[in-house]
Structure formats: C-alpha cells, structure tokens
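The values are calculated or read from the model by the stated rules, or taken from the named source; none is laboratory data. No experiment lies behind these values; they were computed from the predicted model shown. Here the Cβ is made from the backbone with ideal geometry for all residues, glycine too, and neighbour counts use every protein chain on show. The protein model used for the area step is the full one, side chains on, heavy atoms only, and it has no ligands, DNA or RNA in it. Shrake-Rupley method; radii C 1.70, N 1.55, O 1.52, S 1.80 Å.
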Amino acid sequence: MSGSTFGHLLRITNFGESHGPAIGCVIDGCPPDLELSADDLQPDLDRRKPGTSRHVTQRRESDRVEILSGVYQGLTTGTPIALLIRNEDQRSGDYDNLIDTFRPGHADYTYWRKYGRRDPRGGGRSSARLTAPMVAAGAVAKKWLRAMYGVRVRGHLQQLGEIEIPFVAWEATASNPFFAPNEALVPELAEYVDQLRRRGDSCGARLRVVASGMPVGLGSPLYDKLDADIAYAMMGINAVKGVEIGSGFGVVTQTGGVHGDELTPDGFATNHAGGVLGGISTGQDLDVSIAIKPTSSIRLPRRSINSRNEAVTIATEGRHDPCVGIRATPIAEAMLALVIMDHALLHRAQNADVVHSVLPIPGSQGGAP
C-alpha cells in the first residue's frame with residue numbers, strides 16, 4: 001500500500017492496523033542534537049488516547065510510546081526516529097459480522113474494491129487509531145519548533161454538533177475533555193453527547209488550530225504553498241471533510257476593502273488571510289479550522305450491501321466515539337506542527353543566506369485571540 005508517507009524533507013511513514021500488535025511511525029529528516037525522550041511525546045498522546053472520559057470510546061489503551069532509534073544519550077542523531085505504540089485492548093470479535101458486509105460511511109467498500117481484501121477489525125488501516133503515531137511525531141515537531149523559532153501550536157473545539165463554542169481562553173481547553181475554550185458550556189456539551197450515546201447516534205464537530213510566533217517566509221509559490229500543504233495534511237486526518245484557513249468560506253461575503261489585511265509599520269491590522277499570502281507565511285498566526293463528519297460507527301440500523309451485492313441491514317456494535325472531533329484537537333495540532341517544521345527545513349535549505357536590513361513587521365494587531 002502506497003500513500004503512507006507524509007512530508008518533503010521531514011518525512012513520516014506511518015504503519016500498523018487498529019487491531020494489530022502495534023502501530024507506529026518512522027520520522028526521517030529530524031535534525032540532530034534535539035533533546036528528546038518518550039516523556040516529551042507522552043503528554044500529547046495522553047490527550048488523544050481513548051478511554052479518557054465517558055464521552056469517548058471506552059477502548060483502554062495506555063498509548064505508551066517507545067523510541068526505538070534515532071536518539072542517543074538523550075539527543076537526536078539525525079538518523080530515522082522509529083516510534084512504537086503497542087495495541088493492548090483489541091476486541092476483534094466485535095467485528096466478526098462485518099467480514100462480508102460494508103458499513104455505511106466507512107472505507108470498507110472502497111478498500112475492498114481497491115485491494116480485493118481488507119482487515120475488518122476496527123477498520124484496520126483506515127482506523128483513526130492510526131492518528132496516534134502522528135500525534136507522537138507531531139510532539140517532536142512541536143518541541144523542535146519551540147526551540148528553534150519559539151512557535152507554539154494550540155487547538156480547541158469551535159463547535160460540537162449544533163452547539164457553537166465562543167472562544168474565552170486557551171487555558172480552559174486543558175481542564176475539560178472537549179478541549180473547549182469556554183468552561184461555561186462544558187455541562188451543555190456533556191449532556192448533548194450523553195443524549196447522542198443514548199440514541200446510538202453521532203455528530204460532527206468544528207476545530208480550530210493556531211500556530212503563534214511564526215517566522216516570515218515559510219512556503220513557496222504555486223504547488224508547494226504553505227497553506228496548500230496545511231490543507232493536504234488536515235484532509236489526511238480521518239473524518240475531516242473541510243478545511244478553512246483564515247476567514248475561509250467567509251471570504252465569499254467579504255469585500256476587498258474588508259478582506260485585504262492592511263500593513264502598517266506597527267503590524268498587520270487584521271488576519272483574514274490566516275497567516276499566509278501567496279503560499280508564504282506572513283509572520284502572523286497561522287489560523288486553521290477543520291470540519292469533522294459524524295462518526296460512521298453508530299448503533300442505528302442502516303441499509304447496506306454485502307460482497308455479493310445483496311441488500312443487508314447493519315448496526316455497528318463495539319466501542320466508538322459519539323463524536324470523533326472530541327479527541328481530534330491533538331491530532332490537528334500535530335499535523336500543523338509537522339507541516340510547519342517541514343517548511344522550516346525547506347526554507348533553511350534554500351534561503352538560509354537571505355538577509356534583510358529591516359526587521360519583519362510585528363504580527364497581527366487584531367483579529368482572533
């Protein structure tokens with residue numbers, strides 16, 4: 001199977017299946033001399049892992065990451081970094097009735113048509129379980145970006161189903177299982193998800209991820225644009241069906257007098273472009289939002305077919321998230337960090353000798369928090 005490697009100079013190859021012995025990735029291209037241990041990666045994995053609250057799948061995985069190579073005496077060596085996460089709580093029997101049938105909204109049918117066979121246990125290779133190694137790789141990128149440029153990558157839930165979540169404070173995201181930046185709405189979010197679970201149904205979500213402290217100049221015109229690679233990365237996350245950068249689809253109703261971010265000696269007046277102009281970072285915050293579809297694994301009976309093209313009715317049992325967006329914030333953060341680090345390495349390789357006599361203008365003076 002091709003299509004398991006991500007990035008240009010920083011390349012991450014992801015491997016494993018949801019119910020196999022282990023999942024993991026190999027990071028190739030990380031520079032040497034970065035202080036790195038498993039303890040640097042574990043906090044983000046703990047934020048993403050299942051079983052952390054009643055609102056997510058009750059699959060119990062410790063998601064303890066092992067560093068198998070690429071680190072010596074606490075420092076990266078510049079050689080490939082292999083990361084391994086062992087699967088510990090598979091219940092493959094939950095999927096015995098799916099060997100010959102296809103779940104609506106899942107990749108079951110397309111995988112079978114493409115490869116002639118598939119692993120039906122938990123979705124196999126198409127499972128969101130495979131986002132865990134990317135979160136671990138993203139933690140490496142986050143640490144490198146913070147050390148080299150002072151870049152900070154953070155995310156939060158913007159909307160859960162029908163409930164919009166006004167931004168109040170970043171600090172609130174660490175104190176609730178929804179990564180909601182608004183503590184006052186947490187009880188309403190909890191009740192909403194409880195109702196979905198009782199009905200055996202699911203909902204979608206909208207997430208926002210922001211990179212602050214960005215350097216100017218990352219990205220290239222045309223086909224290696226920074227925002228193009230961000231969109232590519234975000235669409236690679238399971239269940240993502242839409243990506244917005246800056247004002248996103250809001251630009252449709254904006255006029256040019258509103259949308260164009262004015263420049264002053266003191267900084268940009270607004271950030272409708274989301275921190276990217278012409279595919280190149282402006283030094284403002286990178287501001288990205290993603291739309292996540294409702295979880296396809298639900299207990300409600302749905303029409304489908306089997307491999308003989310016969311009509312069947314299927315209801316998915318087992319342990320599933322009523323909204324996969326609840327645990328997706330660390331995943332979106334990781335993918336954004338990986339794109340930024342990759343482009344920082346590309347920029348350093350080609351443009352390290354570019355020097356300006358005038359410092360960059362400060363970042364955005366207004367706009368989103």
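Structure summary
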item: Positions within the range 290-319 being assigned to a loop (DSSP other than H, G, I, E, B) and either crowded, with 24+ Cβ neighbours inside 10 Å or hydroxyl-bearing (Ser, Thr, Tyr) (or both), in sequence order; result: Thr295, Ser296, Ser297, Ser307, Thr316
item: The range 262-276 residues that are at negative phi and outside any loop (DSSP other than H, G, I, E, B), paired with ones that are surrounded by 11 or more Cβ atoms within 10 Å (Cβ to Cβ) and of a type in the set (Ser, Thr, Tyr) (beta carbon under 6 Å, 6 or more apart); result: Phe268/Ser364
item: Residues (in contact (Cβ under 8 Å) with a residue 12 or more places away in the chain, part of a loop (DSSP other than H, G, I, E, B) and open to solvent by 30 Å² or more (accessible area, probe 1.4 Å)) located in the range 248-261; result: Gln254, Gly260
item: Considering residues of the range 321-360 that are surrounded by 24 or more Cβ atoms within 10 Å (Cβ to Cβ) and in a loop (DSSP other than H, G, I, E, B) only, the residue modelled with the highest pLDDT; result: Ala328
item: Residue selected from the range 143-156 under the condition among the aliphatic types (A, V, I, L, M) and over 16 Å from the mean Cα position of the chain (by Cα), by the criterion surrounded by the fewest Cβ atoms within 10 Å (Cβ to Cβ); result: Ala147
item: Every pair of residues 6+ apart whose Cβ atoms lie under 7 Å, when the first sits in the range 338-363 and is farther than 22 Å from Asp224 by Cβ while the second is part of a loop (DSSP other than H, G, I, E, B) and open to solvent by less than 60 Å² (accessible area, probe 1.4 Å); result: Gly363/Gly283; Gly363/Gln284; Gly363/Asp285
item: Options Ala139, Ala132, Ala180: the member that is open to solvent by less than 50 Å² (accessible area, probe 1.4 Å), under 21 Å from Arg327 (Cα atoms) and in a loop (DSSP other than H, G, I, E, B); result: Ala180
item: Every pair of residues 6+ apart whose Cβ atoms lie under 8 Å, when the first sits in the range 106-122 and is within 15 Å of Glu17 (Cβ to Cβ) while the second is loosely packed, with under 11 Cβ neighbours inside 10 Å; result: Tyr115/Met1
item: Ala136, sole failed condition from (1) in contact with a Cys (Cβ under 9 Å, 6 or more places away or on another chain); (2) more than 17 Å from Thr329 (Cα to Cα); result: (2)
item: Residue list for the range 168-177, filter: outside any helix (DSSP H, G or I) and loosely packed, with under 15 Cβ neighbours inside 10 Å; result: Ala169
item: Complete set of residues in the range 196-211 that are assigned to a helix (DSSP H, G or I) and either hydrophobic (A, V, I, L, M, F, W, C) or within 14 Å of Arg327 (Cβ to Cβ) (or both); result: Leu196
item: Odd one out for Ala205, checked against (1) within 24 Å of the chain's Cα centre (by Cα); (2) open to solvent by 20 Å² or more (accessible area, probe 1.4 Å); result: (2)
item: Qualifying residue in the range 222-229 (condition: touching a strand residue (DSSP E or B) at 6+ places or on another chain (Cβ under 6 Å) and more than 19 Å from Thr282 (Cβ to Cβ)); result: no
item: Cβ-Cβ under 9 Å pairs, at least 6 apart or on other chains, the range 169-187 side within 20 Å of Gly204 (Cα to Cα), far side in a helix (DSSP H, G or I) and among the acidic types (Asp, Glu); result: Asn176/Glu183; Pro181/Glu171
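Per-residue answers, yes or no, for (1) assigned to a loop (DSSP other than H, G, I, E, B); (2) open to solvent by 10 Å² or more (accessible area, probe 1.4 Å):
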{"position": "Gln158", "(1), (2)": "no, yes"}
{"position": "Glu191", "(1), (2)": "no, yes"}
{"position": "Asp194", "(1), (2)": "no, yes"}
{"position": "Met214", "(1), (2)": "yes, yes"}
{"position": "Leu218", "(1), (2)": "yes, no"}
{"position": "Ala228", "(1), (2)": "no, yes"}
{"position": "Asn238", "(1), (2)": "yes, yes"}
